[in-house]
Amino acid sequence: MTQTTAISSNLTIGMDLGDTTCEVCVLKLGVKKPEATGTLPMTPEALIEFVLRYPAATVVFEVGAQSRWVQQLFRLNGIEHIAADPRQLKLISQSRRKNDKKDAYLLACAGRGMPELLNPITHRSVQAHADRAISKARDALVSTRTKLVNHIRGVVKTEGGRIKATAQHFHNHALEQIPERLRPALEPLIEVLAAIHEQILKYEREMKKIARERYPEVERLMGIFSVGLTTAFAFVTTIEDPSRFRRARACGAYLGMAPRQRESGSISPELNITKAGDGHLRRLLVLCAHHLLGPFGKDCRLRRWGLELCGGTKKGRKRAVVAVARKLAVQMIAIWKSGQAFDPWKGMPLSEIPAGAQPNGESSGTDIVSQEAPAA
């Protein structure tokens, strides 16, 4: 989350946050020599005690593993601070003579100029962070399950066999297809897969419970074709406040799905996406786009637009998947802010809408609104 910050004092404190210690540097406006430097233990008591010695100072630190609780600490104590985006501080990360003391000094220097250039960041709330951790934990288990499944398939393949089973039900059908001589090695892994599957289902039940209690918009976002519980839940707990985006289109850039730019004169090369922002949510949206453009994707305006963009080539399909993922994020923000239901044919002439489908997304046959993508 970004924030706008203006420095109202002539003192800045640069803090280089480490695992156990923190280097600090106090600079006065217009003076190159530091007012004070030192090393502090990374404890709330030590940080607050030092900062309160300079009540008019603005603290500047990089976003990292320790920055969340540090920002919460300063916010609760009314301390003016800037959590700087590390991507904006190449002067520190790419320095040829990098050390903690110099980093603290450069942070203090950067905070004295235009803080907007540091792209100040506000961490999501404690509750949203805790809820989002459930989605991340489920994702870690799914990744582990995929690695184990691929390992078992590979070992069986060396014996000339093939295991026909989906990843979700692999633990139920794989054991009977494993050669007898490989079972001592692979049967324990099947048992682990069964335990992982149960824990994944437990996480999904917990997400449903939390969504009902705290995030009612999750159910509405699941009405978008190919968007399931996991993606909708991760989207809401990651964005947290949709009003941050004046335009829904800005959400695509926030999640790193906008193309890079490197224009110079008349040269404007076509570059890859920035991949800035939350990688977990971006990957889930890409999975949703793959499902929507796949053979089981439901017909809608976005699917037709994506298939047309593919152009029948492998490179075109990759471009189309990213473009559809970006549009899914834009649709989710727009629906979240407006409170309206998903309309798969919005903006299309009535003559182009398939027979039996209504403009509001309803169908005369099966329910085409609340389907969930298997992967996301």
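Quick grid of which residues meet (1) touching a residue at least 12 places away in the same chain (Cβ under 8 Å); (2) touching a strand residue (DSSP E or B) at 6+ places or on another chain (Cβ under 6 Å):
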| position | (1), (2) |
| --- | --- |
| PRO34 | yes, yes |
| LEU47 | yes, no |
| ALA57 | yes, yes |
| PHE61 | yes, yes |
| VAL70 | yes, no |
| ASP85 | yes, yes |
| SER93 | no, no |
| LYS98 | no, no |
| ALA108 | yes, yes |
Condition first: of a type outside the set (A, V, I, L, M, F, W, C) and not in a helix (DSSP H, G or I). Now tell me which residues in segment 102-116 satisfy that.
GLY113
Unique residue being surrounded by fewer than 13 Cβ atoms within 10 Å (Cβ to Cβ) and touching a helix residue (DSSP H, G or I) at 6+ places or on another chain (Cβ under 8 Å) when the list is ARG183, ARG132, ARG220
ARG183
Would you tally the residues in segment 262-286 being out of contact with any helix residue (DSSP H, G or I) (no Cβ under 7 Å at 6 or more places or on another chain), more than 22 Å from ALA84 (Cα to Cα) and either β-branched (Val, Ile, Thr) or assigned to a loop (DSSP other than H, G, I, E, B) (or both)?
10
Give LEU201, LEU292 a once-over and let me know the one that is farther than 16 Å from GLN331 by Cβ and either aliphatic (A, V, I, L, M) or crowded, with 19+ Cβ neighbours inside 10 Å (or both).
LEU201
Which residue out of ILE92, ILE79, ILE48 is among the β-branched types (Val, Ile, Thr), surrounded by fewer than 21 Cβ atoms within 10 Å (Cβ to Cβ) and in contact with a Leu (Cβ under 6 Å, 6 or more places away or on another chain)?
ILE92
Conditions (1) over 17 Å from the mean Cα position of the chain (by Cα); (2) aromatic (Phe, Trp, Tyr); (3) in a helix (DSSP H, G or I) -> PHE225 fails only (3)
For segment 183-194, state whether one or more residues are among the small types (Gly, Ala, Ser) and assigned to a helix (DSSP H, G or I).
yes
Screening GLU213, GLU204 for residues that are under 27 Å from LEU293 (Cα atoms), modelled with pLDDT of 95 or more and out of contact with any Pro (no Cβ under 8 Å at 6 or more places or on another chain) leaves only GLU204
Within segment 119-171, take every residue that is part of a helix (DSSP H, G or I) and acidic (Asp, Glu) and give me the one that is farthest from ASP241 (Cα to Cα).
ASP139
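Quick grid of which residues meet (1) at pLDDT below 85; (2) of a type in the set (Ser, Thr, Tyr):
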{"residue": "MET1", "(1), (2)": "yes, no"}
{"residue": "THR21", "(1), (2)": "no, yes"}
{"residue": "LYS28", "(1), (2)": "no, no"}
{"residue": "PRO41", "(1), (2)": "no, no"}
{"residue": "ARG53", "(1), (2)": "no, no"}
How about segment 51-76: which of its residues are within 18 Å of LEU107 (Cα to Cα), surrounded by 15 or more Cβ atoms within 10 Å (Cβ to Cβ) and of a type in the set (A, V, I, L, M)?
VAL51, ALA57, VAL59, VAL60, VAL63, VAL70
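The values are calculated or read from the model by the stated rules, or taken from the named source; none is laboratory data. Just so we're clear, the structure is a prediction, and the values are computed from it rather than from any experiment. Positions of Cβ are generated from backbone atoms using ideal geometry, with glycine treated the same way; all protein chains shown enter the neighbour counts.
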